[in-house]
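Worksheet: one structure, shown below.
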Amino acid sequence: MTKAVTMRRRGLRPVLVGVDGSVCGQGALSWAAAEASYRHCTLHIVHVISCPTTGNPLDMTVIGSMSSELHAAAEWILGDAENHARRAAPGIGVTAELFVAGTASTLLSQAQDAELVVVGSRGVGGFRGLLVGSVSATLAAHAPGPVIVVRPHREGTAFLTSPRGQIVVGVDGSEVSTAAVRFAFQEAARRHVGVIAVHAAMARRRHPSYGTPPAIAEQVEQQLFDESLDHLRVRGIHLQTKLVHSHPAQALINESADAELVVVGSHGSGGIAGMLLGSVSQAVLQHARCPVAVVHPRRAAPTEPSPANRPQHPARGTELKELA
């Protein structure tokens with residue numbers, strides 16, 4: 001078997017996608033191929049054989065062994081994914097690698113050198129009642145750059161990659177929200193669709209303007225909302241703003257029904273700042289009815305990645321603030 005040789009365009013990092021042969025993985029692969037085509041960059045496909053590990057999802061120490069049958073099945077999955085990507089986006093370069101390690105930890109390591117990470121919402125072996133699996137949730141929370149989580153249609157087929165709606169983004173005026181808005185406009189420009197910016201306003205009983213006539217308070221809130229986006233607008237991209245009085249997560253979930261993509265900002269909370277998703281991001285990730293992009297500022301890559309994350313065989317080729 002020979003390793004695919006693809007020249008990476010100078011200065012452009014690849015789009016990374018994890019595949020596992022599931023319907024969710026197929027949807028992620030199609031989406032990732034389209035992203036690589038839009039961005040004119042390489043698509044890097046990774047398949048991980050998850051042997052038993054130490055039990056820590058971020059530890060890649062393998063304690064089991066791999067059978068020849070398992071390896072052959074993994075090679076088939078990877079080869080089929082590579083062929084599908086080349087058919088879906090003939091003009092892009094495609095590389096592929098097979099790893100034997102922990103799935104989340106491997107993809108996190110590979111993500112350090114990726115422009116974007118795309119994964120399915122739930123892989124092979126995931127719990128049926130869990131809308132977003134542990135690997136997808138881990139990547140969305142810990143990856144250094146944007147992560148798009150793709151779930152299949154309700155009937156179980158892979159998600160379509162042709163534009164069918166607009167890009168929805170949550171806005172709250174924070175730094176991470178600004179990053180999310182910029183990402184949303186970039187995605188809209190690539191797809192030639194519009195952007196819907198959603199801001200969940202503070203409940204009237206808690207608003208500083210309580211006592212002001214509702215119509216006037218609404219006009220002021222809308223004006224402040226519009227002005228906050230003025231410096232982020234992109235010429236040629238239609239922008240619609242929606243000011244709603246509801247929980248931010250519910251507002252974005254409602255908009256996801258007819259959206260091409262929902263974009264949310266990540267948020268650091270808990271013991272390690274900048275690592276965990278906030279409640280709004282988690283809720284949207286779990287319940288949105290379209291792919292979800294989680295955006296946060298790129299963090300520095302680790303200085304010494306674990307040696308257990310080396311490929312075993314070369315293949316062919318901060319949360320939206322709760323304002324309500």
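The values are calculated or read from the model by the stated rules, or taken from the named source; none is laboratory data. Note that this is a predicted model, so its numbers are computed, not measured. Note that each Cβ is placed from the backbone with ideal geometry, even for glycine, and that neighbours are counted across all protein chains shown.
Do we find that Ser105 is under 23 Å from Ile49 (Cβ atoms), surrounded by 15 or more Cβ atoms within 10 Å (Cβ to Cβ), at pLDDT below 90 and not assigned by TED's automatic domain parsing to the domain that holds Ser279 in this structure? So Ser105 does not fit the description; no. Within segment 186-200, the set of residues being out of contact with any Lys or Arg (no Cβ under 8 Å at 6 or more places or on another chain) and not basic (Lys, Arg) comprises Gln186, Glu187, Ala188, Ala189, His192, Val193, Gly194, Val195, Ala200. Within segment 255-270, if we keep just the residues that are out of contact with any Lys or Arg (no Cβ under 7 Å at 6 or more places or on another chain) and surrounded by fewer than 19 Cβ atoms within 10 Å (Cβ to Cβ), the residue that is farthest from Ala34 (Cα to Cα) turns out to be Gly270. Output yes when any residue across segment 76-92 is surrounded by fewer than 20 Cβ atoms within 10 Å (Cβ to Cβ), among the aromatic types (Phe, Trp, Tyr) and modelled with pLDDT of 90 or more, and no when none is. Yes, segment 76-92 has at least one match.
Figure legend. Inter-residue proximity from segment 1-27: first residues surrounded by 14 or more Cβ atoms within 10 Å (Cβ to Cβ), second residues at pLDDT below 50 and part of a strand (DSSP E or B), beta-carbon distance below 7 Å, spacing 6+ or different chains. Indicated pairs: Lys3/Pro314. Name the residue, out of Phe127, Phe99, that is assigned to a loop (DSSP other than H, G, I, E, B), in the same structural domain as Gly27 (by TED's automatic domain parsing) and either small (Gly, Ala, Ser) or modelled with pLDDT under 95 (or both). Answer to the selection: Phe127. Among the residues making up segment 172-186, a single one is within 15 Å of Val262 (Cβ to Cβ) and charged (D, E, K, R): Asp172.
When the strands (runs of 3 or more DSSP E) confined to segment 188-269 are screened for residues that are at pLDDT below 90, those reaching at least 1 such residues are found at 195-200, 239-244.
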